[in-house]
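Down below is the structure, laid out as structure tokens.
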Number of protein chains: 2
Amino acid sequence: MINSVQNEKIKNYAKLNEKKYRDETNMFIVEGLHLVEEAKAYGIVKEVITTNPNIYGTLVSEEVMKKLTNQKSVVEACAICEKLNKKEITNKILILDTIQDPGNIGTLIRSAVAFGFDTIVMEACADIYSSKVLRATQGAIFKLNIINTNIVEFIKSLKEYKVYGTSLKNGIPLKQIEKSDKLAIILGNEGNGVRNEILDITDKNIFIEITNMESLNVAVAGAILMYELK
Amino acid sequence: MINSVQNEKIKNYAKLNEKKYRDETNMFIVEGLHLVEEAKAYGIVKEVITTNPNIYGTLVSEEVMKKLTNQKSVVEACAICEKLNKKEITNKILILDTIQDPGNIGTLIRSAVAFGFDTIVMEACADIYSSKVLRATQGAIFKLNIINTNIVEFIKSLKEYKVYGTSLKNGIPLKQIEKSDKLAIILGNEGNGVRNEILDITDKNIFIEITNMESLNVAVAGAILMYELK
């Protein structure tokens, strides 16, 4: 049993609460028994850490568990996981440009799984491997192919896909857009939308017809687009 | 200029940060110059309170402003407002049953305005007049007819409306639902959905077809329903 927060392994694992260290090591922490079990089912768990002697894993004190996790109360278990390897790109892709709110990212991932958009391409977004986003998505993230990369380069590399941006200015109404077997939808920053350099290289840019409001919440807009074009 | 947080009027206004007192007095506070201007445009402002001598209103110290508002930083102005009177019920109605998360309520209100659902009927939901929901909706609330009432009684009082519940069990797929000029859509609690006693008295209960996930976020589901049936 590990009782000391000064333990070298614990100190290293605790660094995974920072994005910088997650990026360097390609690892992250999931918190809570439900997420630990989900992660195990996907074969990405390197080590289970627990305060409960009945759970298989490295036994630690409550103080050590608190150092590793971001929960207000002590969780029974957490797990050190390896980030998923890139799988083949699927027919339906959701591209996220500079989306900052972890709640929006979490809701978008939940909707993406629900509507079969199994590849998520991100640039400069809130980190999907933060405890807040992981909690919000409740395991949905493990079902997806997540790629952090330059969006402009990624779009240029796509063959046979329809690539649709979203724009409040000069967009085409969603109801006029045709479906496509191979499809990528791009959503942008909460305040500024999709960057112009990206909008310039899409096949079409879409808007959702609304009245009396300037815009929809980005997670709402994304869900409507995925529902309609899936 | 009011400098003292012990001032009787200020002490009374500060109580409006509690739902109980808002319910008793039919008043609420909006925070920030943008929302104050929006509220003025709708004729519901009783008194503007400000730390800026150039703004028309009751001048107060920063300490007094902090007591009145829930912002981390001092806002330039807030306003004491009267809750909107009931207007005539519109053709499109959104009914919210026991929705608890202020963020979900705020996002639903923003979508309701955007899709022309101008009457919101609520029972046992997070308070729409809390500073968190008001901030999230950024003035959208002033455009709507908000009614807090017993949902079962309200539905029974509706004539010529199609009333659609939402349910993950035994629902009809959204794509099979016909539009209607007069329409009410019911959304339910984040964990438990719409109460059975309500589902029992609807015309139909709808579900949105999804894969690999148990459910959608309620604000996402609501937006898709309003977009599709508007």
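Structural remarks
- Count of residues meeting criterion [of a type in the set (Val, Ile, Thr) and within 19 Å of A:PHE115 (Cα to Cα)] in the range A:151-209: 7
- The range B:33-53, residues that are outside any loop (DSSP other than H, G, I, E, B) and either free of Cβ contacts under 8 Å to residues at least 12 places away in the same chain or within 21 Å of the chain's Cα centre (by Cα) (or both): B:LEU33, B:HIS34, B:LEU35, B:VAL36, B:GLU37, B:GLU38, B:ALA39, B:LYS40, B:ALA41, B:VAL45, B:LYS46
- Residue-level check: of (1) under 11 Å from the mean Cα position of the chain (by Cα); (2) in a loop (DSSP other than H, G, I, E, B); (3) under 22 Å from A:VAL220 (Cβ atoms), A:ILE141 misses just (2).
- Extreme residue, nearest to A:SER131 (Cα to Cα), among residues of the range A:57-78 that are in a helix (DSSP H, G or I) and within 25 Å of the chain's Cα centre (by Cα): A:LEU68
- Options A:VAL194, A:VAL218, A:VAL152; residue that is closer than 20 Å to B:VAL220 by Cα and among the aliphatic types (A, V, I, L, M): A:VAL218
- Remark: pairs (first residue in the range A:17-32, touching a residue at least 24 places away in the same chain (Cβ under 8 Å); second residue of a type in the set (Lys, Arg) and buried (at least 19 other Cβ atoms within 10 Å of the Cβ); Cβ separation under 6 Å; 6+ apart in sequence or on different chains) = A:PHE28/A:ARG22.
- B:LYS204 being more than 30 Å from A:PHE142 (Cα to Cα), basic (Lys, Arg) and assigned by TED's automatic domain parsing to the domain that holds B:LYS156: yes
- Residue list for the range B:54-78, restricted to those being open to solvent by less than 20 Å² (accessible area, probe 1.4 Å) and either among the aromatic types (Phe, Trp, Tyr) or without any contact (Cβ under 8 Å) to a residue 40 or more places away in the chain (or both): B:MET65
- Matching option when the condition is assigned to a helix (DSSP H, G or I), more than 10 Å from chain B (Cβ to nearest Cβ) and modelled with pLDDT of 95 or more, among A:ILE206, A:ILE198, A:ILE224, A:ILE186: A:ILE198
- Among the candidates B:SER111, B:SER130, residue that is more than 18 Å from B:GLY193 (Cα to Cα), touching a Gly at 6+ places or on another chain (Cβ under 7 Å) and in the same structural domain as B:VAL218 (by TED's automatic domain parsing): B:SER111
- Count of residues meeting criterion [within 14 Å of another protein chain (Cβ to nearest Cβ) and within 20 Å of B:PHE207 (Cα to Cα)] in the range B:143-165: 0
- Within the range B:103-133, the set of residues being of a type in the set (D, E, K, R) and either within 17 Å of B:LYS83 (Cα to Cα) or more than 11 Å from the chain's Cα centre (by Cα) (or both) comprises B:ASP118, B:GLU123, B:ASP127, B:LYS132.
- Residue count, the range A:93-128 (criterion: within 14 Å of another protein chain (Cβ to nearest Cβ), open to solvent by 40 Å² or more (accessible area, probe 1.4 Å) and in a loop (DSSP other than H, G, I, E, B)): 2
- Members of the range B:181-230 found to be surrounded by 18 or more Cβ atoms within 10 Å (Cβ to Cβ), out of contact with any Asp or Glu (no Cβ under 7 Å at 6 or more places or on another chain), small (Gly, Ala, Ser) and over 14 Å from A:ARG110 (Cβ atoms), listed by number: B:ALA184, B:GLY193, B:GLY222
- Among the residues making up the range A:145-183, those that are among the β-branched types (Val, Ile, Thr), at pLDDT 95 or above and either on the phi > 0 side of the Ramachandran plot or not in a loop (DSSP other than H, G, I, E, B) (or both) are A:ILE151, A:VAL152, A:ILE155, A:VAL163, A:THR166, A:ILE172.
- Residue match in the range A:79-92 (condition: within 14 Å of another protein chain (Cβ to nearest Cβ), under 10 Å from the mean Cα position of the chain (by Cα) and surrounded by fewer than 20 Cβ atoms within 10 Å (Cβ to Cβ)): no
- Of all the numbered requirements in (1) touching a strand residue (DSSP E or B) at 6+ places or on another chain (Cβ under 8 Å); (2) of a type outside the set (Ser, Thr, Tyr); (3) at pLDDT 90 or above, B:ARG135 misses one, and that requirement is (3).
The values are calculated or read from the model by the stated rules, or taken from the named source; none is laboratory data. Since the structure is predicted, the reported quantities are computational estimates derived from the model, not experimental observations. So basically every Cβ, Gly included, is an ideal-geometry build from the backbone, and we count neighbours across all protein chains shown. When the accessible area is computed, the model is the full protein with side chains, heavy atoms only, and any ligands, DNA or RNA have been set aside. Shrake-Rupley method; radii C 1.70, N 1.55, O 1.52, S 1.80 Å.
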